[in-house]
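The next block holds one structure in the form of structure tokens; read it before the comments.
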Amino acid sequence: MGRLKLCVPISGGGSNLQALIDACADPTYPAEIVLVISNKPDAGGLARAEKSGIPILALNHKDYNSRAEFDQVMTYAMEEAGVELVCLAGFLRLLSEEFVNHWHNRMINIHPSLLPSFKGLHVQKAAIDYGAKFSGCTVHYVRFEMDTGPIIIQAAVPIHPDDTADTLAARILIEEHKIYPEAVRLVAEGKVRLDGERADIINNRPASASIINPPLA
Ligand code: GRF
């Protein structure tokens, strides 16, 4: 069986894209990136893709009359490339309902919080301001309502007393780079079973011990 063909839409630096590129460099990994799309022509992640010889498409959304038109161009390019799974990686643009429906159960996203808590932007600051003791990251299937959809994998990190949004974001990002390639692997290997709006992992092993924050005295 061939490797699952991925498209990775980005808007920025693309460190998650890099994590996926690195995973795909292993010939035994069950997926490959066939297209990287950016809605920002100067997104740093585009250079990462080019360096690895991955086809890129840099679109400036300001060149399009409507969100629907922009999204149609993306879908057209992805279908031309034979894309089977869309992996949003810091793609900072709302998607039209048509686009989300078209890629239903064929599009995943990584978000830097433990969903369903802290949706939207600036979520590291929101978690600190709320006084949450843990945050983390989530890979989930994409639904039209922002940052919702069946959860595939999550990683939790403690929030430290002296954290700033930046230090917390950096701690979360380390985990993002681990769980995004793992989520893609689970999907590619057919290990994610959707039961309505819930994703179950086939033959899932129990995770290791709990962590408590603040630590017990
Ligand atoms: C990550 O924090 C991701 O969770 C969020 O956008 C950020 C993208 O970072 N969706 P990068 O461009 O992958 O470094």
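Relative contact order of the range 110-201: 28 percent, from C-alpha pairs under 8 Å at least 6 residues apart in sequence. Basic side chains Lys and Arg get +1 at the Cβ, acidic Asp and Glu get -1 at the Cβ, and with that the dipole of the range 81-217 about its Cα centre reaches some 240 debye. Could you work out how far helix 67-80 tilts from the main Cα principal axis of the chain, as a 0 to 90 degree angle to the nearest 10? Relative to the chain, helix 67-80 is tipped by roughly 80 degrees.
Kindly work out what percent of the DSSP beta bridges joining two residues of the chain are antiparallel, to the nearest 5. Before the final figure, lay out each step's value.
On the way: 15 of 30 bridges.
Once the DSSP bridges in the chain are tallied, antiparallel ones form about 50 percent.
Other residues with beta-carbon under 13 Å from the beta-carbon of Asp63 carry, at +1 per Lys or Arg and -1 per Asp or Glu, a net charge of +2.
Give me the net charge of Leu121's neighbourhood, meaning all other residues with Cβ under 13 Å from the Cβ of Leu121; Lys, Arg count +1, Asp, Glu -1.
Numbers: positive: Arg93, Lys119, Lys125; negative: Asp147.
Value of the local net charge: +2.
What number comes out for accessible area per residue over the range 1-103 if the probe is 1.4 Å? Units Å², please. It would help to have the intermediate numbers written out before the result.
Details: 4920 Å² over 103 residues.
Solvent-accessible surface per residue comes out at 48 Å².
The figure for Arg48 is an accessible area of roughly 80 square angstrom, using a 1.4 Å probe on the protein chains alone.
Across the range 202-212, coupling constants 3J(HN,Hα) worked out from phi with the 6.51/-1.76/1.60 Karplus curve, θ = phi - 60°, read 5, 6, 5, 8, x, 6, 6, 4, 6, 10, 10 Hz, and Gly and Pro carry x.
Under a 5 Å amide H cut-off, with hydrogens placed 1.01 Å from N, Leu4 pairs with Ala31, Glu32 among residues at least 5 apart or on other chains.
With θ taken as phi - 60° and the Karplus curve 6.51 cos²θ - 1.76 cosθ + 1.60 applied, the whole-hertz 3J(HN,Hα) list for the range 169-180 is 4, 5, 5, 5, 4, 4, 6, 4, 5, 7, 7, 5 Hz, x standing for glycine and proline. For the chain, the relative contact order comes to 18 percent (Cα pairs under 8 Å, sequence separation of at least 6).
Take every Cα-Cα distance within the chain, group them into 5 Å bins from 0 onward, and report for each bin the whole-number percent of pairs it holds. Calculated over all Cα pairs of the chain, the distribution is 1, 7, 15, 19, 20, 17, 12, 6, 3, 1, 0, 0 percent. Taken one residue at a time, the phi angles of the range 42-58 give Karplus couplings (6.51, -1.76, 1.60, θ = phi - 60°) of 9, 4, x, x, 4, 5, 4, 5, 4, 4, 9, x, 8, x, 10, 9, 9 Hz. Gly and Pro are set to x.
Using only the Cα atoms of the range 1-42, build the gyration tensor, take square roots of its eigenvalues as a ≥ b ≥ c, and label the shape rounded, prolate or oblate: rounded if a/c is under 1.5, else prolate if a/b is larger than b/c, else oblate. Provide the component values of the computation, followed by the final result.
On the way: a/c = 4.05, a/b = 1.90, b/c = 2.13.
Oblate, since a/c reaches 1.5 and b/c is not below a/b.
The order of the peptides 60-69, 208-217 by mean Cβ neighbours within 10 Å, most packed first, is 60-69, 208-217. Take the cross-link list Lys5/Lys125; Lys40/Lys191; Lys5/Lys178; Lys5/Lys191; Lys5/Lys51; Lys51/Lys178 and give me the ones stretching past 23 Å between alpha-carbons. Checking Cα-Cα distances, Lys5/Lys125; Lys40/Lys191 exceed 23 Å. In this structure the amide hydrogen of Met107, modeled in the peptide plane, comes within under 5 Å of the amide hydrogens of Val86, Val142, none closer than 5 places in sequence on its chain. Farthest towards the positive end of the charge dipole of the chain, among the residues Thr167, Ala217, Ala25, is the Cα of Ala217, using unit charges on the Cβ of Lys, Arg, Asp and Glu. The range 10-30 and the range 44-106 have their alpha-carbon centroids 16 Å apart.
Could you give the distance between the Cα centres of the range 169-217 and the range 130-151, to the whole Å? Here the two parts' Cα centres lie 12 Å apart. Annotation: amide H of Ser38 within the under-5 Å range of Ile10, Leu57, Ala58, Leu59, sequence separation 5 or more or interchain, hydrogens built in the peptide plane.
Given a 10 angstrom Cα cut-off, can you work out which residue in Ala207, Ala77, Ala156 is the most mobile in a GNM of the chain? Highest fluctuation among the options: Ala207.
Electrostatic bookkeeping for Lys191 treats Lys and Arg as +1 and Asp and Glu as -1; over the other residues with beta carbon under 13 Å from its beta carbon, the sum is 0.
Given charges of +1 on the Cβ of Lys and Arg and -1 on the Cβ of Asp and Glu, with all other atoms neutral, how large is the dipole of the range 11-73 about its Cα centre, in debye to the nearest 20? Please list the in-between numbers first.
On the way: 5 positive and 8 negative charges, 35 e Å.
For the range 11-73, the charge dipole is close to 160 debye.
The values are calculated or read from the model by the stated rules, or taken from the named source; none is laboratory data. Here the structure is a predicted model, which means the values were calculated and not measured. Neighbour counts run over all protein chains shown; Cβ positions are idealised from the backbone, glycine included. We work out accessible area using only protein heavy atoms, side chains counted, and drop any ligands, DNA or RNA first. Shrake-Rupley method; radii C 1.70, N 1.55, O 1.52, S 1.80 Å.
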